[in-house]
1. Show the residue pairs meeting these rules: Cβ distance below 8 Å; 6+ apart or different chains; first residue within region 140-151 and in contact (Cβ under 8 Å) with a residue 12 or more places away in the chain; second residue open to solvent by 30 Å² or more (accessible area, probe 1.4 Å) and part of a loop (DSSP other than H, G, I, E, B).
2. Residues in region 155-175: is at least one open to solvent by 60 Å² or more (accessible area, probe 1.4 Å), in contact (Cβ under 8 Å) with a residue 60 or more places away in the chain and among the hydrophobic types (A, V, I, L, M, F, W, C)?
3. Look at region 70-109 and say how many of its residues are aromatic (Phe, Trp, Tyr), surrounded by fewer than 18 Cβ atoms within 10 Å (Cβ to Cβ) and part of a helix (DSSP H, G or I).
4. Being charged (D, E, K, R), outside the structural domain of residue 163 (by TED's automatic domain parsing) and in a helix (DSSP H, G or I) is the requirement here; does residue 8 meet it?
5. Being open to solvent by 60 Å² or more (accessible area, probe 1.4 Å) and either modelled with pLDDT under 90 or out of contact with any Gly (no Cβ under 8 Å at 6 or more places or on another chain) (or both): is that true of residue 126 here?
6. I'm trying to understand the selection: among the residues of region 23-38, which are within 13 Å of residue 51 (Cα to Cα) and open to solvent by less than 20 Å² (accessible area, probe 1.4 Å)?
7. Checking the structure you have, find out if any residue of region 131-139 is surrounded by fewer than 16 Cβ atoms within 10 Å (Cβ to Cβ), more than 17 Å from residue 112 (Cβ to Cβ) and touching a Leu at 6+ places or on another chain (Cβ under 8 Å).
Amino acid sequence: MRHEKMTKIGLFFIFAIVCFFILIPFYAIALASFKPGGDLVRYGLNLSFDLSVMSLNNFVYLFTGSHSYFNWFFNSVFLTIVQVVLTLLISATVAYGFAAYNFVGKNFLFICVLMIMMVPFEILLLPLYKLTNDLGLMNTYSAIVLPGIASAATIFFFRQYISGIPKEIIAAGRVDGASEYGIYVRLIIPVMKPSFAAMAILNGMNSWNNFIWPFMVLSETVKYTLPIGLKTLLTPYGNNYDLLIVGSFFSIVPILILFLAFQKYFIDGMTAGAVKG
């Protein structure tokens, strides 16, 4: 008993130290958001707490100034919601097919999914760009959403999770006369809530922080997402560090809300997805 208690105390201190170092960048950017943009140029991100230069001017400028920040912000919110919802629904349906049914070529197709996971997205940029251009989807949100709605990693995770669900649930549904669609919607999806929460957070973070692909396909400023918009604040003709730093700090808020909303299921979903199947 004493050994277990000492182990728990030791783990607590280890995780506390790790958490401390992880939070340092957030602390630095939070401090910088209260300082003039010029300080970022002169001193960079630092941990100095100097009340003489700190104010709410950057936040006042963020909410009342003349800029396109909130247009970019809501573009990112819209795209993230659409992409996460579609990715979860489509990937979960594909994963259910792999986990619950036997059909010709099943193993081969699943190996293809695993192989796609091993290919860096950067390798696919040029052929995907050409395909998008040929389909006439350039400078549209469809070009951003469609390539990622059948995520190989999400399909793999859901497949592993569903494989751990007792097959008796599906068999019982069939005995009761439920259709295959009814079994999936009424019996399987409710059991998958923890996995949906885990993948909502991970896919939401990926969509929210996505920069390279939207930057390649979007050409109108009004359609820019937040990462692209923040990048445009740094130009050869002048840099808006005041908006850049406070905007970067404020951009953390949606991901924080997403995590807090689903944290109840996050650990359960990640753990079950890792060990089941």
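1. Qualifying pairs under 8 Å: 143/137; 144/210.
2. Yes, that holds for at least one residue.
3. Result for region 70-109: 4.
4. Considered against the rule, which asks whether it is charged (D, E, K, R), outside the structural domain of residue 163 (by TED's automatic domain parsing) and in a helix (DSSP H, G or I), residue 8 comes out as yes.
5. yes
6. Across region 23-38, the qualifying residues are 31, 32, 33, 35.
7. yes
The values are calculated or read from the model by the stated rules, or taken from the named source; none is laboratory data. Predicted model, so just to flag it, every value in this text is computed and none were measured. Glycine also receives a Cβ, built like all others from the backbone with ideal geometry; neighbour counts cover every protein chain displayed. When the accessible area is computed, the model is the full protein with side chains, heavy atoms only, and any ligands, DNA or RNA have been set aside. Shrake-Rupley method; radii C 1.70, N 1.55, O 1.52, S 1.80 Å.
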